[in-house]
Amino acid sequence: MRLANPCPGCFGKSDVQFTDPQAALNHAMGLHQAGRFADAAGIYQRLLEILPDSHDIRHLQGLALFDLGQPTEGIRLMEDALARNPGAGHYYNNLGSRLIDHGDLARAEELLTQGTTRSPACPATRYNLGNALFRQGKYQPAIASYREALARQPDFAMCDLQLGLALHNAGLRSEALAHYQAAVTAHPDNPALRINHGALLQSECDLDGAAEAFRHAVRLAPQDATPLNNLAVVMKEVGDIGEATRLLRRCVELKPSSLEIHSNLILTLHYDPTAIAADLNSAHEGWNSRHPSPRLPHTNVPEPGRRLRLGFVSPDLRDHVVGRALLPSFRRFDPDRFELYCYGNTVEDPVGAEFRARCHGWRELGTKTAAQLAETIAADGVDILIDLALHTSDNRLDVFALKPAPLQISWLGYPESSGVATMDYRLTDAWLEPPSGNQLAHPQEKAALLPDCWTCYEPPTGYPEVNALPSAAGKPFTFGSFNNNCKINGAVLDAWAQLLLATPGSRLQLLAKQGGHRRRFVDEFARRGVDAARILFADYLPASVDLSQGALLARYHDIDVALDTFPYGGMTTTLDALWMGVPVVSLVGERNLGRAGLSILNNVGLGELAAKDVDAYVETAMRLAQDQVRLAALRASLRERMRSSPLLDAEGYTRKVEQAFRDMWVDWCAGQSKVG
């Protein structure tokens, strides 16, 4: 509802003259517009006592109470006003938009649909109807509604913004790109449109275009952390970690309350070869300082041997590297000993469907607040709550800060500590843990060491067979690394250039999104004396309905030896390479994230390929490249080695994870008896 302009003579008065109800109403609406909801609600309430039959005042009071944070009473008053005056078209729009915010999307859709009939010329009602449909995943009807709103009000930037999102989510990517291009031309000074245009370009692998869109948005809104944060993510993707870190530190200054930005900074520091433990500990402390850590009371029965309820929290319980890593164990947890609850986002793919089918309870993360999710988890009686994201995208560590379960564990997101003060354990293994200990974990967090490996591997569906050694068939010898570009830094480039120069005629293939940043890699190698023709690129292709993750493993048919990155090493990329018969040379790091290669290689009996320093790393890769007999034998035997290793023993691995959970629970129960 567009609130009427207040009477200028009423503004600023400390006492409202209710002898002139219209003037008082104008004043209240002015306060409402100014965000002074409590003051406005007080005046509306007094006016409603004077004029109890005024539907408009009842409606306005409902709006004010909703905006004040009293949604139940606000909605009740607005529903009451609508029932008394169903002909007021703007009531439908105002109530419907508030119901969207409240999460009652079906009722919002119903009311807003009625509103389009009551006020057919109103673009706001059709826009809000589009929002209700969009939030329910009804993208095609949402697109139609947004277009109808724009037909009635062409200069409607927010509607342009949402229409682009709906087109993209409906899979109409080319239409979405064309729409955003037209929208930024029509609204050149709108930073939100630039931000969404950049995000769409980024999802389409146009990192140059995305960076330019975000830079334009930064110029338009230099004090807004959102485009800066997005630009930092792009800089990380192209491998410019120094610039990404600089931008994120600025974002923290602009928006210190944003946990997403703090998490982005923490994750990016892990990729930064210049970051020391003190930098990461400071960033962890910055995250923790945003949480007073209020704790919900735990009523879980401390019986060591009873059936336990496990809660898994992740936005990636789907066809994603984390979902695929968890699923083998999830299928095998003993139902007599464990009851499984999932807190995720519904995604219509086979992996997501299996998680929903196998769990005892599925709860949507959606847009729920940390407090709402924590209350749900506590009400579900979860005994052990497991975070699978750490500081990766869309994590819900804010829920863990509230400690809704007696025991909280991090696992699988990446093999490191989250640094969160309320985390009790992290699942790890003896290879991952540095001899000097983990310097990043909060003092309260304990390392739960699994006997062999911290993860198991199930080859993705659609994987190809292993081929013969490419260089043995007369092709140029090819090193390869399909790790993310953000893991490739100057020290890695130095080592790879040294290796290429020491191995005449060899090539290096990298996985990289399309864009000008590929030229950066070529230029960096040229600066180190390596000809551009020796650097090859495989296009980044996200898995889709028509392209399985397994099919992408065919890229390893061109690779003779895979090279790990440092200080942030590969995990799934290393497992994929070994499954395809390609040995991996790794560098043993000082922190957990640089030791995944050591763990994986030792589990397949190839610990000698994990080098202790950079010189040994280059030497190991060079000698391996010169030994065609050994390479051919490894090519032929690595898949069977993996099958017989702990890495593919999902049954045995799950029993070990179960035992780790039980040991934690027994310790907690013992602690409770001591407290008692």
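Pairs LYS403/LYS656; LYS403/LYS513; LYS513/LYS656: which exceed 31 Å Cα-Cα? Pairs exceeding 31 Å: LYS403/LYS513; LYS513/LYS656. Cross-link partners for LYS612 among the aspartates and glutamates, with Cα-Cα distance under 18 Å and sequence neighbours closer than 8 places in the same chain left out: GLU433, ASP494, ASP564, GLU590. For the chain, the alpha-carbon radius of gyration amounts to 1.10 times the rule-of-thumb value 2.2 N^0.38 Å expected for a compact globular protein. Across region 61-70, rounded Karplus estimates of 3J(HN,Hα) from the backbone phi angles (6.51 cos²θ - 1.76 cosθ + 1.60, θ = phi - 60°) give 4, x, 4, 5, 5, 4, 5, 7, x, 10 Hz, Gly and Pro being marked x.
Relative to the longest principal axis of the Cα atoms of the chain, the long axis of helix 490-502 makes an angle of roughly 30 degrees. Taking amide H positions as modeled 1.01 Å from N, with prolines and chain starts lacking one, no residue 5 or more places away or on another chain lies under 5 Å from SER548.
Rounded to 0.05, the FRET efficiency of the GLU619 and GLU110 pair, given R0 = 41 Å and the Cβ-Cβ distance, is 0.05. Taking label points 7 Å from Cα along the Cα-to-Cβ direction, LEU254 and SER644 give a separation of 5.7 nm.
The GluC sites (Glu not before Pro) found in region 310-404 that occupy coil by DSSP, while having at most 16 further C-beta atoms within 10 Å, are GLU348. With protein chains left intact and a 1.4 Å probe, residues in region 216-314 average 45 Å² of accessible area per residue. When a/c is below 1.5 the answer is rounded, else prolate if a/b is larger than b/c, else oblate, so apply that to region 352-394 with a ≥ b ≥ c taken from the square roots of the Cα gyration tensor eigenvalues. Rounded, because the longest to shortest axis ratio a/c is under 1.5.
The magnitude of the dipole of region 387-537, with charges of +1 and -1 set on the Cβ of Lys/Arg and Asp/Glu and taken from the Cα centre, is near 760 debye.
The long axis of helix 207-220 is offset from the longest Cα principal axis of the chain by roughly 40 degrees.
By the Cα gyration tensor, region 37-195 has an equivalent ellipsoid whose semi-axes, rounded to whole angstrom, run 33, 16, 14 from largest to smallest. Between ILE50 and GLN628, the modelled label-to-label distance comes to 9.8 nm, taking each label 7 Å out from Cα in the direction of the beta carbon. Shape analysis of region 229-365 yields a ratio of the Cα radius of gyration to the Kirkwood radius, Rg/Rh, of 1.07.
The magnitude of the dipole of the chain, with charges of +1 and -1 set on the Cβ of Lys/Arg and Asp/Glu and taken from the Cα centre, is near 200 debye.
Full extension of the segment from ILE276 to ALA554, taken as 0.36 nm per residue of separation minus the current Cα-Cα distance, would add 96.4 nm. Heavy-atom accessible area for LEU172, with the other protein chains in place and a 1.4 Å probe, reaches approximately 50 Å².
Our Cα-only numbers for region 493-594 put the radius of gyration and Dmax at 14.5, 42 Å.
The values are calculated or read from the model by the stated rules, or taken from the named source; none is laboratory data. What you see is a predicted model; the values in this text were computed from it and never measured. Cβ: placed from backbone, ideal geometry, glycine included. Neighbour counts: every protein chain shown. With ligands, DNA and RNA removed, areas are computed over all heavy atoms of the protein, side chains included. Shrake-Rupley method; radii C 1.70, N 1.55, O 1.52, S 1.80 Å.
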